Amino acid sequence: MSLENNTAREPVIEIEGVKKQYKLGQIGGGTLTADLQSWWARVRGKEDPNLPIGTDSRLFGKTFMALNGIDLTVYKGEALGIIGRNGAGKSTLLKILSRITAPSEGEIRIKGRIASMLEVGTGFNGEMTGRENIYMNGAILGMTRAEVDAKLDQIIEFSECAEFIDTPVKRYSSGMFVKLAFAVAAHLDSEIMVMDEVLAVGDMKFQQKCLGKMSDVAGQEGRTVLYVSHNMSTIRQLCTRCIVLDQGRVIFDGNVEDAIAIYMDTTDVNVVKYELADVPRMNSGAGKRLRVERLDFVGKESSVFAAGEPLRVRIQWRALHHFDAVNMKLNLHYRDSTPIGITHPITLGAADPGKLYTTEFEFDSSILAEGQYFFYLDVFERELASAVCLDKPAKEFAFEITNVDRAFPEWSSGWGRIHFPPVKLLSSEGSAE
């Protein structure tokens, strides 16, 4: 689709000068007395008595611009990709469009109803069954019961959850949640679909099924799709136009391949220390019973590795419950988010609540070609024959391999291209605090 033709098409979303500002640090003490105590301490130049121990009081009153002047027009039937580094403002933009939060400045005009899927479980009531949640979401969109009835069988069939449809959704796995939530968003009568990286939770076969449905929604049904993802292969497959966000601004709007090239240029391979305690997680259950708080590339000033140099990584994680065995694996991607492979799981050992654990491990990079990569960290426990996610920070840990006389091969999409050597566990120790 050429952008020149957009002038003859019907705009469904018009964004002018939108800004979103957040205040950093503690906003209030919870009571009038606490707020007065905090104010009096600041007047006298004293430490705030109501701040939690370890909180930086310098953050009080400072602000963060999540969006800093967004101008954007989206047209009917368009599949718009929204990409950018973590913290660029992608999710904030979708939350404003979905009316979850309001902009600090600017104007937004939307023509049509929006079906949003921003994270697993959004818009669902855990105590209600899958069937009841379908009717509730239809009612939110202004549909009658008869209209939902006409779509019900399609939704249940697409979701692959027919045998569990009358079970409360609080008992669903994260994958089942995603399947049902996507089926609802895709089949109910809305003119605009908004999707935020949620398909990463589903299995590969269902992801392809969802991408096919979104293509049909935009191409054949004339509905509009806004899709946020770090997976460039799905952006290529679905989107007809793409914008790149960086520090709350649109730095590119146009061709998908050009947008991906600009996004890859923003990848930072000079970060070697990551604070993870407060970053978002990739599914609703992650970080609740165990939380990874920090990741470092050991002994490095940049995450650039020479040929054959092992990647040595240290993580700090805190157990909130007892576990007989905590396991870990790495999901590795090329810099454009093409999936490369998954390492064999390693066992970090048992864990007790209240302890902070420090684990060092080593990954043999000699099998990789020259280029930029990143990995996601996946910590899990095994229950019978299945793996249950304990923590999966939504953070890309970028690194670069240099001085390798091997080109990156042009593989088809999907996992399992490389048989990775096992990750080598160097140490894993816990300490009480």
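The values are calculated or read from the model by the stated rules, or taken from the named source; none is laboratory data. None of the values given here were measured: they were computed from a predicted structure. Neighbour counts are summed over all protein chains in view; Cβ atoms, including those assigned to glycine, are modelled from backbone coordinates with ideal geometry. Heads up: the accessible areas ignore ligands, DNA and RNA and are worked out on the full protein's heavy atoms, side chains in. Shrake-Rupley method; radii C 1.70, N 1.55, O 1.52, S 1.80 Å.
For region 232-323, the set of GluC sites (Glu not before Pro) satisfying both a DSSP loop assignment and a count of at most 11 other C-beta atoms within 10 Å is given as Glu301. Running Debye on region 200-291 with equal point scatterers at the Cα sites and no solvent, what base-10 log of I(q)/I(0) appears at q = 0.12, 0.13, 0.14, 0.18 Å⁻¹? Computed log10 I(q)/I(0) values: -0.54, -0.63, -0.72, -1.05. Solvent-accessible area of region 147-192 (1.4 angstrom probe, protein heavy atoms only): carbon and sulfur portion equals 45 percent.
Straight-line cross-link reach from Lys300 at under 25 Å between alpha-carbon atoms covers these lysines, not counting any fewer than eight positions away in the same chain: Lys273, Lys329, Lys392, Lys395, Lys424. Solvent-accessible area per residue in region 297-385 equals 39 Å², computed with a 1.4 angstrom probe and all protein chains kept. Note on region 215-366: dipole from Cβ charges, positive end direction compared against Leu226, Leu330, Pro353; the farthest Cα belongs to Pro353. Per-residue packing, averaged as other Cβ atoms within 10 Å, sorts the ranges 389-402, 360-373 into the order 389-402, 360-373, beginning with the highest. Computed over all pairs of different Cα atoms, the Kirkwood value for the hydrodynamic radius of region 297-364 is 14.0 Å. Cross-link partners among lysines for Lys19, C-alpha distance below 19 Å, same-chain residues fewer than 8 apart left out? Output for Lys19: Lys62, Lys90, Lys95.
The apolar share of the surface of region 235-371, taken as the fraction of accessible area on carbon and sulfur atoms (1.4 Å probe, ligands and nucleic acids excluded), comes to 46 percent. Computed over region 114-247, the P(r) tail beyond 22 angstrom holds 33 percent of alpha carbon pairs. Solvent-accessible area per residue in region 78-130 equals 42 Å², computed with a 1.4 angstrom probe and all protein chains kept. Ranking Ser302, Ile315, Phe252 by how far each Cα lies toward the positive end of the dipole of region 250-343 (charges on Cβ) leaves Ile315 at the top.
Applying a DSSP loop filter and a limit of 15 other Cβ atoms within 10 Å to the trypsin sites (Lys or Arg not before Pro) in region 96-197 leaves Arg99, Lys111, Arg113.
When you filter the GluC sites (Glu not before Pro) in region 119-164 for DSSP loop state and at most 15 other Cβ atoms inside 10 Å of their Cβ, you are left with Glu127.
Heavy-atom accessible area, probed at 1.4 angstrom with all protein chains present, ranks Ile140, Ile100, Ile251 as Ile140, Ile100, Ile251, highest first. About its Cα centre, the dipole of region 300-372 is roughly 240 debye, where the only charges are +1 on Lys and Arg Cβ and -1 on Asp and Glu Cβ.
Our summary gives region 216-325 a relative contact order of 17 percent, counting only alpha carbon pairs under 8 angstrom and 6 or more residues apart.
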